[in-house]
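Here is the structure we will look at, set down as structure tokens.
The values are calculated or read from the model by the stated rules, or taken from the named source; none is laboratory data. Predicted model, so just to flag it, every value in this text is computed and none were measured. Cβ placement follows ideal geometry from the backbone for every residue including glycine, while neighbour counts extend to all protein chains displayed.
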Amino acid sequence: MVAALAAVLATGVASGTARANMDTAMGAYSRGDYTTAVNELKNLAVQGDSRAQYWLGYMYGYGNGVQQDQVEANRWYKNAAEHGYALAQVVYGYNADAGIGMTVDLAEAVRWYRAAAEQGHPIGQANLEHFPFILVRIPSFGSSLHTRRA
């Protein structure tokens, strides 16, 4: 009984510490102190914090405090997506759809748009709804037309 209570209390302290560290990271980010933000986010991200994983991906994607690296950004976005973070699911799906930092993978895009949509994320829902359509450029005519994806 005492061990169970200690475990519950430790979990509450750990989540409070994680929340404080996330607040520190986001405060540093908003002040433009990207080095501190990256360090705090990395500490949380390796512990499985999906919000920190998303923001670390964002920082790699835009080169804030780190060398811009879309492949590394996608690694963190995917980790966050796998942990159920809906915004990361949308972004990773979009990157798979558009081939940003990876080869275009339409099945992967649909998978993550659907995961976000199932959580009620409006962008995931919209992207999934409009996904059957793509813009195809016909090089010989220089015009575009919409067509359904197979």
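Observations on the structure shown:
- Considering residues of region 69-112 that are among the aromatic types (Phe, Trp, Tyr) and either in contact with a Phe, Trp or Tyr (Cβ under 6 Å, 6 or more places away or on another chain) or not in a helix (DSSP H, G or I) (or both) only, the residue surrounded by the fewest Cβ atoms within 10 Å (Cβ to Cβ): TYR85
- Residue check, TYR113 within 20 Å of LEU56 (Cα to Cα) and of a type outside the set (D, E, K, R): no
- Long-range neighbours under 6 Å by Cβ, at least six apart or interchain, first residue within 12 Å of HIS121 (Cα to Cα) within region 83-103, second buried (at least 24 other Cβ atoms within 10 Å of the Cβ) and of a type in the set (A, V, I, L, M, F, W, C): ALA86/ALA116; ALA88/ALA80; ALA88/ALA81; GLN89/ALA81; GLN89/TRP112; GLN89/ALA116; VAL90/ALA116
- Residue in region 44-61 that is surrounded by fewer than 19 Cβ atoms within 10 Å (Cβ to Cβ), among the polar types (S, T, N, Q), part of a helix (DSSP H, G or I) and at pLDDT 95 or above present: no
- Considering only residues in region 115-135 that are touching a helix residue (DSSP H, G or I) at 6+ places or on another chain (Cβ under 6 Å) and not in a loop (DSSP other than H, G, I, E, B), the one that is modelled with the lowest pLDDT turns out to be LEU128.
- Long-range neighbours under 9 Å by Cβ, at least six apart or interchain, first residue more than 12 Å from ASN79 (Cβ to Cβ) within region 33-49, second in a loop (DSSP other than H, G, I, E, B) and polar (S, T, N, Q): TYR34/ASN64; ALA37/ASN64; VAL38/ASN64
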